[in-house]
1. Which ones in the stretch 215-260 are surrounded by fewer than 18 Cβ atoms within 10 Å (Cβ to Cβ), at pLDDT 95 or above and closer than 15 Å to V339 by Cβ?
2. For the stretch 102-146, which residues satisfy the criterion of being open to solvent by 20 Å² or more (accessible area, probe 1.4 Å), in a loop (DSSP other than H, G, I, E, B) and under 27 Å from G332 (Cα atoms)?
3. Which condition number in (1) open to solvent by 10 Å² or more (accessible area, probe 1.4 Å); (2) more than 15 Å from W328 (Cβ to Cβ) is the one that L391 fails?
4. Considering (1) open to solvent by less than 40 Å² (accessible area, probe 1.4 Å); (2) farther than 21 Å from N372 by Cα; (3) modelled with pLDDT under 95, say which one L16 fails and leave the rest.
5. Of everything in the stretch 57-85, what is surrounded by 18 or more Cβ atoms within 10 Å (Cβ to Cβ) and either within 30 Å of D364 (Cβ to Cβ) or among the acidic types (D, E) (or both)? Give them in sequence order.
6. With the requirement that a residue be open to solvent by 70 Å² or more (accessible area, probe 1.4 Å) and part of a loop (DSSP other than H, G, I, E, B), what does the stretch 37-56 give you?
7. If you take the residues of the stretch 350-361 that are open to solvent by less than 40 Å² (accessible area, probe 1.4 Å) and either among the β-branched types (V, I, T) or more than 21 Å from F419 (Cα to Cα) (or both), which of them is modelled with the lowest pLDDT?
Amino acid sequence: MNLFKNWHSEKSAAPLAVYRIFFGLLMFFSTIRFISKGWVESLYIEPKFHFFYHGFAWLPYPSENLIWILFISLILTSLLITLGLFYRFATVLFFASFVYIELLDKANYLNHYYFVSLIAFLLIFVSANRTFSLDRYFGLTKTSEKAKTWEIRILQFQIAIVYIFAGLAKIGSDWLLEAQPLKYWLHTANHLGIIGDFLKEDWVAYTFSWFGCLYDLTIVIFLTLAKTRKAAYFAVVIFHLSTWLLFPIGVFPWVMIAATTIFFSEKFHQKLITLLSVVLPKKKRSTPVSKNSKILRQPLVNSFLGLYICAQILIPLRFVMYKGDLFWTENGYRFSWRVMLMEKTATSTFYIIDNESNAEIEIDNADYLTKNQEKMMASQPDMILQYAQFLESNYQDTLVTKFGHEMKFIQPKVHAEIFVTLNGRPHQPYVMKETNLSDITSSENPVNWLVAFND
């Protein structure tokens, strides 16, 4: 049985064109918003130290001018994607610029940045410029206005993965039985006035928690079925607008509202294109691709789809390979679509102790980290180790003057005292001062050096 047999049939490319326009516009406005908020400076230019992703320590950190060039690239390419002009070039450059920025510092990781990276990657390969595009208008694309079914299905699959894994992750005691962390977040919703007081009722948090779980687990099914699609999309809009109003989660709700339109029928998208066609008159100057080339390409496409689908299923499940509580050690937590599942805050104090003289100083984290970096680092083991390695290197063969006394650090060791609160639980010790972080390798399971989780 060929898993992708029906995925090579032809359909209208209108759904891809609508998807391209929504994606491009959202990325354009979100980049402008990012710049206007001053986040380019605060997240990428001002920090003195950056937390690299595992396997990407080799990635050179760009100069300030290059960082601005990368963001300008996002603005220009998102406009080109919206217009469907030089589409392949624009999608490749957008993807490269966006991923490069995201790899610069994992303290800035957000689920929707990962989602945008994946969608940008897929858009490189789909034919979203075959209709209602400047490429089509100027004859820059030599294909018909048809697209392969797989080009639509793979985008639907990616959205389904987000929802399904987000729903499965919510099947746990914290979310369903304790309504955490929603209870905590809703209790602190003071900016909503009278509504905020209403949201502090525990039954509201439980209602939101259970509804959120059921929504994530079932919404894709209802979007797929023609009879329930309109009602399901209405639920999508209400759900994501509610989360946007209640919680500071950026553009993610708008991204999902736009992305889920890919589940609507060809006729819906064709009607939408017809309404928009007054802006861009049709000008057919294309030639179809030969059938032989299409047939020869199918095995390659099937291999790509198979690998991509397997990766998207296995990556969120990799946490099962590690020992310890997932929320405590965070091994396999990133890239697993655990959306809004954890409120984890920590207080951290780092110490440099010389191995020879036993001289000791307490580190002021603000000397090296921004507030956001310190917040992210203090509760994530891999970032704790990276920061410790940086401090050890920074204080190697260093003369420090403190309270009028000079201390020489020849063989510095890094120790830390960290306390964490997880989803409303009392503060618990996370890292004890006796632990020499300098002796721990990044490959060691955090369960071996973190204080055991007391649930």
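1. Correct list: L217 only.
2. Y109, L110
3. Among (1) open to solvent by 10 Å² or more (accessible area, probe 1.4 Å); (2) more than 15 Å from W328 (Cβ to Cβ), L391 violates only (1).
4. Only one criterion in (1) open to solvent by less than 40 Å² (accessible area, probe 1.4 Å); (2) farther than 21 Å from N372 by Cα; (3) modelled with pLDDT under 95 is unmet by L16, namely (3).
5. I67
6. K37, E46, K48, F52, H54, F56
7. That would be A359.
Residue by residue, here is whether (1) assigned to a loop (DSSP other than H, G, I, E, B); (2) touching a Lys or Arg at 6+ places or on another chain (Cβ under 7 Å); (3) aliphatic (A, V, I, L, M); (4) more than 29 Å from F29 (Cα to Cα) holds:
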| residue | (1), (2), (3), (4) |
| --- | --- |
| I171 | yes, no, yes, yes |
| K183 | no, no, no, yes |
| F198 | no, no, no, yes |
| Y206 | no, no, no, yes |
| I219 | no, no, yes, no |
| K227 | yes, no, no, yes |
| V236 | no, no, yes, no |
| P253 | no, no, no, no |
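The values are calculated or read from the model by the stated rules, or taken from the named source; none is laboratory data. From a predicted model like this one, the values you see are computed outputs, not experimental measurements. Methodologically, a virtual Cβ is constructed for each residue, glycine included, from the backbone with ideal geometry; neighbour enumeration extends over all protein chains shown. Surface accessibility is based on the protein's heavy atoms, side chains included, excluding ligands, DNA and RNA. Shrake-Rupley method; radii C 1.70, N 1.55, O 1.52, S 1.80 Å.
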